[in-house]
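Here is the structure we will look at, set down as structure tokens.
The values are calculated or read from the model by the stated rules, or taken from the named source; none is laboratory data. Everything quoted here is computed from the prediction, not taken from an experiment. FYI the Cβ positions are ideal-geometry reconstructions off the backbone, even for glycines, and counts take in every protein chain you see.
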There are 2 protein chains.
Amino acid sequence: MMRTRPLKVALLGCGVVGSEVTRIITTQTADLAARIGAPIELAGIAVRRPNRVREGVPQELLTTDATALVKRGDIDVVIEVIGGIEPVRTLITTAFEHGASVVSANKALLAADGASLHAKAVEHGVDLYYEAAVAGAIPLIRPLRESLAGDKVNRVLGIVNGTTNFILDKMDSTGAGYSEALDEATALGYAEADPTADVEGFDAAAKAAILAGIAFHTRVTIDDVHREGLTEVTAADIASAKKMGCTVKLLAICERARDGRSVTARVHPAMIPLSHPLASVRGAYNAVFVEAEAAGQLMFYGPGAGGAPTASAVLGDLVAACRNKLAATTGAGESAYTQLPVSPMGDVVTRYHISLDVADKPGVLAQVATVFAEHDVSIDTVRQQGKDGEASLVVVTHRAPDAALSATVSSLRKLDTVRGVASIMRVEGE
Amino acid sequence: MMRTRPLKVALLGCGVVGSEVTRIITTQTADLAARIGAPIELAGIAVRRPNRVREGVPQELLTTDATALVKRGDIDVVIEVIGGIEPVRTLITTAFEHGASVVSANKALLAADGASLHAKAVEHGVDLYYEAAVAGAIPLIRPLRESLAGDKVNRVLGIVNGTTNFILDKMDSTGAGYSEALDEATALGYAEADPTADVEGFDAAAKAAILAGIAFHTRVTIDDVHREGLTEVTAADIASAKKMGCTVKLLAICERARDGRSVTARVHPAMIPLSHPLASVRGAYNAVFVEAEAAGQLMFYGPGAGGAPTASAVLGDLVAACRNKLAATTGAGESAYTQLPVSPMGDVVTRYHISLDVADKPGVLAQVATVFAEHDVSIDTVRQQGKDGEASLVVVTHRAPDAALSATVSSLRKLDTVRGVASIMRVEGE
């Protein structure tokens, strides 16, 4: 039997995602009502520019007063697709205080301050959902939080930023340099006018923080995430990767330490073997590998951004929040009971691929090998190449702590026979 | 604040999956308690052979009286990993009547009679969960039912049976025939002594029925699913597929008709292009593509069977069922409001790859082409090959209703110049 009084929904922000959310709520009304068990009604949409033309968005619902909208008191669920920290944090908190559950797509805010928002939601007996904050349409937060709730996740490894994947894919397939590939991404609308958040890895780092917290039942903020962007990846790096049967991807990697007593989270470019399923993730797609003790290796793949895919994730959360409202309950919230500390990057165990320009004379390899040995870093392969009187050495290491690998590189730079370190890149996915 | 009285769990069946479930419940006690919000206690395990040695399974919990166990009245959640229709249906119904939620891995039962079980669960205010029934550890039912609850799924296309995927992968990589590949699968434990359920497609058809029902919010039983196994797939079929840049997979395909007024569900071998992500799913792995209107194309990949992966899915459901018990609520149950009818195979629009042995004389191609035209089936490509006075024609069609394609093949068989139809296979994934 369906309740006839509709659940009221307020929307904060009406850009690409918000317009699509509005379109679905206003056109799929019968389906949404059947799935929720009650009709829903869009009660108001807060925007900055009410006079902008938004096709399909009911003009009479627009308001510039977001605060008044979340304070109305009759709103059941607030959908937040504005982004950024303030005023959004205050708006969400105010919504909680007035009894509304919140569905957000805001990775920056969740990665900065998820714990206090979750606490506020619990305090007011409402839900906080944010599937759309990580990897767009791909169900990832709900599977991690619910489907794998009885398993032990050891590792999350993924491509979670479509812009940088588009750029790297372009560099890989055409041999283009970084700037050229970025220009193409911008022209095609895959990169924003200011691409910093994407290319410097801030966007991926926020997602890594959210995923690590949920996967390991602890608290991880963006400040805990080691972050390197892809602005220094060169066409030569991509070519070196190819020679090794690898490709370069910007990866978000969250790991539980082998002793189980700490976790790490990091974002950086890395070489992965072409045989790894993540290597074939093309264009602006996202894909995330999850390794759990009982489940084994799972992969989730799909469009990581865009209005409609992000709206799909928002709507899934909206249906869940509305069902919970009807049942006067709340869903699975934050789980941070393990309180595992986040270790620094130096503790991460990984492998390096290092290209050195060296003097072309006897004994150089011995000198270089000695430096690796002094830092307890074991060498997997060495490739020597001569070019015009100079030579290059490409070294791939076995697994070692990042601190030891990094110290090795510092020592190599000091050798007279090493003219320069042409590139350093981590090797993952083996 | 954690409740101290434990939730009581009964386990029906203690084979490969049940032992693994027992191991996790009895060893991960603190983690499970933290995630649920209350400790859980394994209260009894019903088995047929109590004297069999089961490492790590507490002997004192074993009973042969499953009925008495589900009738105890103090059981919060019953986990069913016995399989088959009876006595399991009666046991589950009895569990509901005594106030227990049920977590099941039983695809056969759910595909035969899911609707009445769901109704019983609703009647008694308890949950029925069965993530483990489809694609092992891969979260699929929860993402379809919850994450995509605000979206419109148009298609589910997947490899949902590991045994047959192992066999086809082996045939593809070694050129082996079906029997030889099946023998190897049996020797390695990927196929059961009686492989009928797998190789004849019954297992995949049950999963297709479950997925179609959830994806399209309607009721689909295994009897509605068109089913063809892989026993007739030959080494020659696989070789033909390779020539076309394809591989052969046993696919479960659930589709909403273009007019939205009906759905179809089918299981059969099909050629898919090597560039399709499902083509690279190797060995006993499973992978499922989901196409939704807003989300676009999503893929879920992972181990589709095995004790530990299946236990992971069971435990995820157990945590959800226990949380709901604590909150005195139930989760999202059956959603079958669309009541869309299931159309027969003849209505499915697909493509055929047909190999004909024909007389090597002029006019044969014209005759054959006429037959296709008479049935309104448009030809995409034709390849002619001569061999020892005879000739073969390989025809790939454009998309047409299966009934028309099938009628075309019947007519071709009647032509004097057609000596035989060497193989017919559908082409999917484009």
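Against the test of being in contact with a helix residue (DSSP H, G or I) (Cβ under 7 Å, 6 or more places away or on another chain) and either surrounded by fewer than 24 Cβ atoms within 10 Å (Cβ to Cβ) or over 24 Å from B:Cys322 (Cα atoms) (or both), the options B:Ala119, B:Ala137, B:Ala112 yield a single qualifying residue, B:Ala112.
You will find that of A:Arg72, A:Arg23, A:Arg5, the residue that is within 30 Å of A:Gly189 (Cβ to Cβ) and surrounded by fewer than 21 Cβ atoms within 10 Å (Cβ to Cβ) is A:Arg23 and no other. The numbered conditions (1) within 9 Å of chain A (Cβ to nearest Cβ); (2) touching a helix residue (DSSP H, G or I) at 6+ places or on another chain (Cβ under 6 Å); (3) in a strand (DSSP E or B) are all true for B:Tyr301 except (2). Of the helices (runs of 4 or more DSSP H) lying entirely inside segment A:46-138, those carrying at least 1 residues that are touching a Ser or Thr at 6+ places or on another chain (Cβ under 6 Å) are A:66-70, A:107-123.
The set of residues in segment B:13-59 that are away from chain A (no Cβ under 14 Å) and within 23 Å of A:Glu146 (Cβ to Cβ) contains only B:Glu41.
Set side by side, the residues B:Gly213, B:Gly245 differ, and just one is in contact (Cβ under 8 Å) with a residue 60 or more places away in the chain and either outside the structural domain of B:Thr381 (by TED's automatic domain parsing) or among the small types (Gly, Ala, Ser) (or both), which is B:Gly213. Would you check if A:Thr338 is in contact (Cβ under 8 Å) with a residue 12 or more places away in the chain and touching a Phe, Trp or Tyr at 6+ places or on another chain (Cβ under 7 Å)? Criteria met by A:Thr338. Just one of the listed residues (A:Ala311, A:Ala241) is within 11 Å of chain B (Cβ to nearest Cβ), in a helix (DSSP H, G or I) and buried (at least 21 other Cβ atoms within 10 Å of the Cβ), and it is A:Ala311. Looking only at segment A:283-298, count how many residues are buried (at least 24 other Cβ atoms within 10 Å of the Cβ) and within 7 Å of chain B (Cβ to nearest Cβ). Qualifying residue count for the region: 4.
Every condition in (1) crowded, with 24+ Cβ neighbours inside 10 Å; (2) in the same structural domain as A:Cys254 (by TED's automatic domain parsing); (3) among the aliphatic types (A, V, I, L, M) is met by A:Val126 except one, and the failing one is (2). Residues in segment A:113-137 that are in contact with a Pro (Cβ under 8 Å, 6 or more places away or on another chain) and not charged (D, E, K, R) were compared, and the one that is farthest from the other protein chains (Cβ to nearest Cβ) is A:Gly136. Of the residues making up segment B:264-282, not a single one is buried (at least 24 other Cβ atoms within 10 Å of the Cβ), small (Gly, Ala, Ser), within 11 Å of chain A (Cβ to nearest Cβ) and under 30 Å from A:Gly316 (Cα atoms).
Checked against the criteria, B:Arg282 does not count as closer than 30 Å to B:Val348 by Cβ and assigned to a strand (DSSP E or B). Taking the stated definitions as given, is A:Thr218 surrounded by fewer than 24 Cβ atoms within 10 Å (Cβ to Cβ) and modelled with pLDDT under 95? When the stated conditions are applied, A:Thr218 does not pass them. Within segment B:316-335, being facing chain A (nearest Cβ under 10 Å) and part of a loop (DSSP other than H, G, I, E, B) holds for B:Ala327, B:Ala328, B:Thr329, B:Thr330, B:Gly331, B:Ala332, B:Ser335.
Would you check which residues across segment B:340-357 are farther than 12 Å from B:Ala212 by Cα and of a type outside the set (A, V, I, L, M, F, W, C) and list them?
If we filter segment B:340-357 for residues that are farther than 12 Å from B:Ala212 by Cα, which is where we start, we get B:343-357.
If the condition is that a residue be farther than 12 Å from B:Ala212 by Cα and of a type outside the set (A, V, I, L, M, F, W, C), then B:Ser343, B:Pro344, B:Gly346, B:Asp347, B:Thr350, B:Arg351, B:Tyr352, B:His353, B:Ser355, B:Asp357 are the ones that fit.
Selection of segment B:38-69 for residues being farther than 21 Å from B:Leu91 by Cα, crowded, with 18+ Cβ neighbours inside 10 Å and small (Gly, Ala, Ser) yields only B:Ala38.
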